[in-house]
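Take a look at the structure below.
Throughout, read-outs are computed from the coordinates displayed, never taken from laboratory work. These figures come from a predicted structure and were not determined experimentally. Every residue, glycine as well, gets a Cβ built from its backbone with ideal geometry; the counts of neighbours run over all protein chains shown.
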Amino acid sequence: MDNITIKKNGLHELFLQLGNKWIFFFLLLEVIIFSIISPGFFSLNGIQTILNNSPSILLLGLAETFVIITGGIDLSVGFVMGFSSVVSAKLIVTFVGLGMNDALSIIIGIVITICIGIIPGFLNGILIGRYKVPALIATFSMLGITHGISELLIEGSAAKNLPALAGKIGNGSLINMVPGKTVSFFISPTIQRGEHLIEILPNMFVIAFIFVIFFAFILKSTKFGQHTYAIGGNIDAAIRAGIDVKNHIIKIYMLSSLFATIAGIIYMLRFVTGKADSGVMFLLDSIVAVVIGGASFYGGFGSVWKTVIGCFIILVLENGLRMLGFPTFYKLVLVGVILIFAVLVDQFSPELLHKED
Amino acid sequence: MNTNKNLALNVTQNPSKLFSLLAKNWALFFLLILILIFSFTGKRFFQLANFQNIIHLSTTSLLLAAAETFVIITGGIDLSVGFMMGLSSVLSATIMQKMHAVNFLPALSISIGSIIALIVCIIAGLISGIMITKYRVPSFIATLGMGGIASGIALIMSEGFPVTFLPPYLTDIGNGYLIYIFPGKAISFFNKPEGITGKELKELIRIIPNSFIFIVIVLFILWHILKNTKFGQHTYAIGGSMVAAVRAGINTNRHLIIIYVLSSFLAGLAGVFNVFQTGIGNYTQFSSMYELLAIASVVIGGASLFGGKGRIIGSVIGVILISVIENGLQLSGVDPFYRFIAVGLILIAAIIIDQSFPDLF
């Protein structure tokens, strides 16, 4: 305690604040730079594109945040996402084939998929919580199993023949405006030739963001969230404090699979197909986003909002580079560099950075 | 009381001895059982050519698993090996291609390309190692970042396509065999007997692929280092207890840096060998997950992710087990996607066996 109070003088305080919030400034800097050098970036369309691409990484980032705070890792989220996109697509196609109404079959399909989608998480949780299998191995085996099952379900290609309504929901926006004429919500109005439709807030982003807000609240302000931090901070202490660690870990991995499942359903709605490998690219990105957000792999640190900023750092980078005409490969290099930079910042001033959490 | 206990122990000694032997080497037994099963179900499974094929195709996986074995024994993890392999493959192929285009000798361009790729990999490993030891970055993150960078550079260099137009003789070396026998006519070493064409090629018997010789030599050296040298003992010591290793006077930082350099070097070697085998430079795709499969093989081979445990031979068995499953399922006409499920289940079984009999290993 004494150390910290002594250090609190003007310049150091400023540096501390800056160090603590560096990801926020980094995101701001990124946005400013791309706005200057790439003309179409800071426009309604540009922002809309970023929001459109955000649900998968936001949800997987949310999943990893919970898991990494407990000191684990979940490698299976990417393929659980693919698995649920395949399962939901298959179910909906089956229901429609049985002569059910489009809307009804989509709703029932999604509900059943959510129930199926948390099973991998449940198994992960049992292996990790009960049998003390290292999280890396347990979730990697689950990755293999979900990958195999989803490829078998769709026989190696992609699920087809989904009703068009799914795409309408998935690609619609919350607010649709035809300037000077109509405003509609959720489903886009039919437009005449020559009219310009303005879409604000994609539906799927809104759904993902509701999840983020809700679970940010759970993590920060409920007993469940506090126990999550406690387990990550010191598992022995958590057991002594009377927390049911085994069951808590099972719940955490089920949550993680739940988020991945939602991401898969969103993928299915947006692209009107189910693909086994739809989440592969997002696995790395989501882990990186969580780490950029200041979480530690030793557990006990991390916050949902910082993860969200981490996600947007990656999304802005990806979109900005694409608009400048760079191939996506450059993103990989830069994300790797940012990741290492983030960890180094953490290492150089650990006691300052985590003071607030 | 005491004698009673002894008696009881004696009675159970024999069966438990057998049982412990079985549990200890379950991967090997499982491998033998699988080979037995696939010999019945798989068409042309139990043949010399197929076994040589399995070894030949798992050469790169064996190198990656060996790299991962060293790192996992120290209690770390290296997630960059797969992408490092891709970088080394693309880099060496690109250099060979460029040098070959301006009419350098094939041998010269091949060796310079390979050496530069290996040096680059060593430098990358050095950077990872320094980050992990000097700056205390968790190995998981440092290597994840390094993997992302390596993968990006490989993709930028190859522009997302395989690197082609390489010097000749590459695949002759990589896919060659030590002994060629043309029944009743000719025996030759390293090269196919001359004057054999068309239909006769089918009758040619090929024994011992070059890749087999190569991998046996590399693995023997690594096995020797890990088992019989001070370096190997220090590796186990660091994984067993870092604090104790520091107290015992081991320069842990330097040792760990060497471990990560070795790991990257082996991954680079796998990449160069990949060029020899395929004749093109392949970047590593995101969904290939080489590093995770390598980790899985090491864990199946009895290593613990908490460090201090692991054997080269175990890892080799792990790799072969996965390859045999892949090959056997394919030849048995089973949908190839079952192999993902199979690997996942075996991995879980490995860990649960490991957890259930902690005193055996």
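Worth pointing out:
- The range A:17-353: C-alpha gyration tensor shape, a/c 1.5 cut-off, then a/b vs b/c: oblate
- Ordering A:Phe25, B:Phe51 from the fewest to the most neighbouring beta carbons within 10 Å gives A:Phe25, B:Phe51.
- For chain B, the longest piece that avoids every one of the trypsin sites (Lys or Arg not before Pro) found in DSSP loops with at most 16 other C-beta atoms within 10 Å covers B:186-361.
- 5 angstrom amide H check on B:Tyr177, placed H, neighbours 5+ away: B:Asn210
- When the Gaussian network model of chain A links Cα atoms closer than 10 Å, the mean-square fluctuations of A:His196, A:His147, A:His227 top out at A:His196.
- Environment charge of B:Ile280, counting only residues whose C-beta is closer than 15 Å and scoring Lys/Arg +1, Asp/Glu -1: -1
- Partners for A:Lys21 among lysines (Cα-Cα distance below 21 Å; same-chain residues under 8 apart left out): A:Lys7, A:Lys8, A:Lys220, A:Lys306, A:Lys355
- Cross-link partners of B:Lys230 among lysines, defined as those whose alpha carbon lies under 25 angstrom from its own and excluding same-chain residues fewer than eight positions apart: B:Lys134, B:Lys309.
- Longest stretch of chain B clear of exposed loop sites (GluC sites (Glu not before Pro), DSSP loop, at most 16 other Cβ atoms within 10 Å, sites excluded): B:195-361.
- Here the Karplus curve 6.51 cos²θ - 1.76 cosθ + 1.60, taken at θ = phi - 60°, turns the phi angles of the range B:112-126 into couplings of 5, x, 4, 5, 5, 4, 5, 5, 4, 5, 4, 4, 4, x, 4 Hz, with x standing for Gly and Pro.
- When each full DSSP H helix of chain A is screened for a Cα extent of at least 24 Å along its own axis and an average Kyte-Doolittle hydropathy of at least 0.0, the helices passing are A:44-69, A:77-97, A:102-125, A:135-154, A:203-221, A:245-271, A:304-323, A:329-348.
- About its Cα centre, the protein assembly as shown has a charge dipole of approximately 920 debye under the convention of +1 per Lys or Arg Cβ and -1 per Asp or Glu Cβ, with nothing else charged.
- Simple Cβ-charge dipole of the range B:227-361, Lys/Arg +1 and Asp/Glu -1, about Cα centre, in debye nearest 20: 560 debye
- Descending principal axes extents, the protein assembly as shown, alpha-carbon based, whole Å: 91, 76, 60
- Of all lysines in the structure, those lying under 25 Å Cα to Cα from A:Lys160, and not within fewer than 8 positions of it along the same chain, are A:Lys90, A:Lys168, A:Lys275.
- Gyration tensor verdict on the range B:26-354 (Cα atoms; rounded if a/c is under 1.5, prolate if a/b is larger than b/c, oblate otherwise): oblate
- Under the simplified labelling scheme, the B:Ser111-A:Lys160 pair shows an inter-label distance of 5.5 nm, with each label point 7 Å from Cα along Cα→Cβ.
- The value of relative contact order for the range A:17-353, using C-alpha pairs under 8 Å at least six residues apart, is 34 percent.
- Longest segment of chain A lacking GluC sites (Glu not before Pro) that sit in a DSSP loop with at most 12 other Cβ atoms within 10 Å: A:156-355
- Contact order relative to length of chain B, as percent, for alpha carbon pairs under 8 angstrom and 6 or more apart: 32 percent
- Derived scalar couplings ³J(HN,Hα) [the range B:59-71; Karplus, 6.51 cos²θ - 1.76 cosθ + 1.60; whole Hz; x for Gly, Pro]: 4, 5, 4, 5, 4, 5, 5, 4, 4, 5, 4, 4, 5
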